[in-house]
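Notes for the one structure printed next.
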Amino acid sequence: MARGQGVTIRDVARRAGVSITAVSHALNGKGTLSEETRARVKAVADELGYQADAFARGMRQGSIGAIGLVLRSLDALGDYTPVGVDVFERFAGIVSARALAKGLSITLVPDLTRSPVPPLAFSMDGYIIMSPHEEDPVAALLERRGIPYVAYGNIPGRPDFIHWASEDDPYAAHQLLTHFQMAGAREVVLVSGTDTNAWNKDFQAEYRRWCSEQGTTPRIYEQSERSGVDGGREAGERILADGVPEAVLCMTGRHAAGVQQALQAAGVSVPGQTLIAAASDSEHARSSRPAITAFELNPAGCADQLLEMLQDLLATGNAQGPRLTKARLRPRASTRRD
């Protein structure tokens, strides 16, 4: 993928319908422009991703030996240090170490579509996007600017996009549902997140397929990822109102912990009456009583595949993808019936 020439001050001026001088004054707080004009120019600059920094403009045409990492789930969460959630920290640490071994450095970058954008954000050689969303605006922005990127997880609705790697989520969902089934559970409830990423969508699709095979009616309770344990308790109360299921599959460990608390508070025995598991491990899952069965994701394997793909893109403009790894199921007491 060839690097684009980048958005210029002329592009901003043309789109905003003002002079180049007006753009300069608006972005630098100078001159006697009206507040309405300043706001319009800034909005256009943000929309186009205009980068005014002179050093960034100079570096845009060459390589700086650095790649950006965008954590879309944390962008959506609005919290870059969620309590008890370590998968993002693990991935960031692992991919940074792997990148250093390849002579690259990693820069963590917040949502590129929000202001202010770090000055060198658009000078990176390429990007890794973790958990992109459907019609992801960050991916769209990088494509408009001609910046190569790969993704940890597919972009939903983009069958043309092949430069991604992740755990085999449909296989993981089937493995966990089979784990429930072998423990005697036939009716399974799914507590899904609301982020429109492939992880949620793939688990939902496999869950519906499994329910169809079993001849059971799907019961899906969507809960915002940012709601955490409290959101899990709320989901647990909604589940109880509709009838106690034989098993509950939660996408996040925090939701699983909250659901378990709600069931136990209502006198439902775990795992005696209801089994509980999470699609992603967390401190909340590990420290719950009983400890909650969960998938340990494979950030190291995915990091290796993503960096290899990105290096191929940077060197040749092409890369083989997608690439799948396997998550590891960690059975714990919440699904263990003696």
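Which of the residues that make up segment 21-37 are outside any loop (DSSP other than H, G, I, E, B) and surrounded by fewer than 16 Cβ atoms within 10 Å (Cβ to Cβ)? Steps first, please.
Of all residues in segment 21-37, those outside any loop (DSSP other than H, G, I, E, B) come to 21-28, 35-37.
Once the filter is applied, which keeps residues that are outside any loop (DSSP other than H, G, I, E, B) and surrounded by fewer than 16 Cβ atoms within 10 Å (Cβ to Cβ), segment 21-37 yields Thr21, Asn28, Glu35, Glu36.
Checking the condition buried (at least 24 other Cβ atoms within 10 Å of the Cβ) and of a type in the set (Ser, Thr, Tyr), which residue from Thr252, Thr194 passes? Even if it seems obvious, please write down each step before you answer.
On the way: Thr194 fails: buried (at least 24 other Cβ atoms within 10 Å of the Cβ).
So the residue among Thr252, Thr194 that is buried (at least 24 other Cβ atoms within 10 Å of the Cβ) and of a type in the set (Ser, Thr, Tyr) is Thr252.
Can you tell me how many residues in segment 158-184 are among the polar types (S, T, N, Q), in contact with a helix residue (DSSP H, G or I) (Cβ under 9 Å, 6 or more places away or on another chain) and in a helix (DSSP H, G or I)? Quick ask: steps written out before the conclusion?
The initial filter retains those residues of segment 158-184 that are among the polar types (S, T, N, Q), namely 166, 175, 178, 181.
Cutting the leftovers down to in contact with a helix residue (DSSP H, G or I) (Cβ under 9 Å, 6 or more places away or on another chain) gives us 166, 178, 181.
When the remaining residues are screened for being in a helix (DSSP H, G or I), the result is 178, 181.
Residues meeting the conditions: 2.
If the Cβ limit is 7 Å and pairs must be 6+ apart or interchain, which residue in segment 211-228 that is farther than 12 Å from Asn200 by Cα and at pLDDT below 95 pairs with which residue that is surrounded by fewer than 18 Cβ atoms within 10 Å (Cβ to Cβ) and of a type in the set (Gly, Ala, Ser)?
So the pair list comes out as Arg226/Gly78.
Taking the options Arg40, Arg60, name whichever one is more than 20 Å from the chain's Cα centre (by Cα), at pLDDT 90 or above, surrounded by 14 or more Cβ atoms within 10 Å (Cβ to Cβ) and not acidic (Asp, Glu).
Values: Arg60 fails: at pLDDT 90 or above.
Only one candidate qualifies: Arg40.
Give the residue, chosen from Ile155, Ile106, Ile94, Ile147, that is of a type in the set (A, V, I, L, M), in contact (Cβ under 8 Å) with a residue 40 or more places away in the chain, assigned to a strand (DSSP E or B) and closer than 22 Å to Asp304 by Cα. Step through it out loud before you land on a result.
On the way: Ile155 fails: assigned to a strand (DSSP E or B); Ile94 fails: assigned to a strand (DSSP E or B); Ile147 fails: assigned to a strand (DSSP E or B).
It is Ile106.
Here is a list: Glu135, Glu187, Glu143. Which entry is acidic (Asp, Glu), closer than 19 Å to Arg219 by Cα and surrounded by fewer than 22 Cβ atoms within 10 Å (Cβ to Cβ)?
On the way: Glu135 fails: closer than 19 Å to Arg219 by Cα; Glu143 fails: closer than 19 Å to Arg219 by Cα.
Answer to the check: Glu187.
The values are calculated or read from the model by the stated rules, or taken from the named source; none is laboratory data. Everything numeric here is computed off the predicted structure, so don't read it as measured data. Because the Cβ atoms are built from the backbone with ideal geometry, glycine has one as well, and the counts that use them run over all protein chains shown.
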